[in-house]
Ligand code: NAD
Ligand code: GLY
């Protein structure tokens, strides 16, 4: 009957009115419901407060939600939709590159706890994902770069042609040329959908989407989250490329190609020298994707091909972390 558009304050100011007007023009009633931006607000408290607002505004099971925003908004809205009145439908309208190529597709929803990121949530698929590449014009450059790390990830894990396309189209990407962005985003969504269709609950194959994230998360946490997620993932992808060379799965030339593309996209390739390697190691062992004490690594075997293994020696990991940037 009506849509609740959930947006953070920044996105609400930029696109809230426009979104409501376009729904109105299509004869659809909507309400804009706003929360404060930022990962610090991806909490149970925000979800509870948004749920109360929905109830006060009379939302019922004939209604639906729209997540208008980045990954924080998408994760919160998906979770809210999954639990409000035991589940109402929702639509993703992602407005960051990261959300367009990754978080809006695949149905992972949830919030953070003081004890860690994304510790509470459910798998709950959106009915549809609408992507308007035009909104990227207002996105800060660093946020764009962060999303590009996830874009490069898809090339390495699954598509060598896409990897080459990224190398050729760098200027068009930074100039936000719409036809290039459309191709780029569509390919990422296709790859993610292909993975999630086969393994929605991350029993196996879906782990390949964590390429670069295991070491990346540890680096991000060791920097006290001063390093943005995308940059930490870029560093993590380079570190596992080194790990794959060290363990004999990847040719040095391919590792260099991965690093070259990451650098081309203005992302870091080494762990900052001021980060304590022991702290990184501690976070690595506490990663929530660790299963029964086993750390899984997604190792590249070439461009467009990866393997998942927990058979990597601690010595090799220590050496890679110690040597990054030497
Ligand atoms: P975000 O949602 O916080 O957005 C980043 C910032 O950009 C925010 O301040 C937002 O207000 C602003 N913004 C959004 N769109 C804008 C636009 N078009 N113009 C100007 N400013 C804009 O962060 P994010 O990087 O999009 O997402 C990160 C979150 O996504 C994390 O919480 C992460 O855990 C989650 N995530 C989820 C999945 C998943 O599968 N569900 C996958 C990857 C990441
Ligand atoms: N971003 C990783 C996943 O959706 O599985």
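Just a few scattered comments:
- Any hit, the range 37-48, residues being over 30 Å from residue 141 (Cβ atoms), within 16 Å of ligand 2 (Cβ to nearest atom) and out of contact with any helix residue (DSSP H, G or I) (no Cβ under 6 Å at 6 or more places or on another chain): no
- Pair list, Cβ < 7 Å and 6+ apart or interchain, from the range 93-105 residues that are farther than 11 Å from residue 75 by Cα to residues that are assigned to a strand (DSSP E or B) and within 6 Å of ligand 1 (Cβ to nearest atom): 95/69
- Of all the residues in the range 55-86, those that are more than 8 Å from ligand 1 (Cβ to nearest atom) and either closer than 16 Å to residue 1 by Cβ or in contact (Cβ under 8 Å) with a residue 60 or more places away in the chain (or both) number 19.
- Qualifying strands (runs of 3 or more DSSP E) (wholly inside the range 1-89; at least 3 residues being modelled with pLDDT under 95 and under 25 Å from the mean Cα position of the chain (by Cα)): none
- Count of residues meeting criterion [within 11 Å of ligand 1 (Cβ to nearest atom) and modelled with pLDDT of 95 or more] in the range 90-121: 21
- Residue in the range 208-225 that is assigned to a helix (DSSP H, G or I), in contact (Cβ under 8 Å) with a residue 24 or more places away in the chain and farther than 27 Å from residue 40 by Cβ present: yes
- Checked against the criterion of being assigned to a strand (DSSP E or B), touching a residue at least 60 places away in the same chain (Cβ under 8 Å), buried (at least 18 other Cβ atoms within 10 Å of the Cβ) and at negative phi, the candidates 135, 120, 111 yield just one match: 111.
The values are calculated or read from the model by the stated rules, or taken from the named source; none is laboratory data. It should be emphasised that the depicted structure is a prediction, and the values quoted were computed from it without experimental measurement. We place every Cβ from the backbone using ideal geometry, glycine too, and count neighbours over all the protein chains shown.
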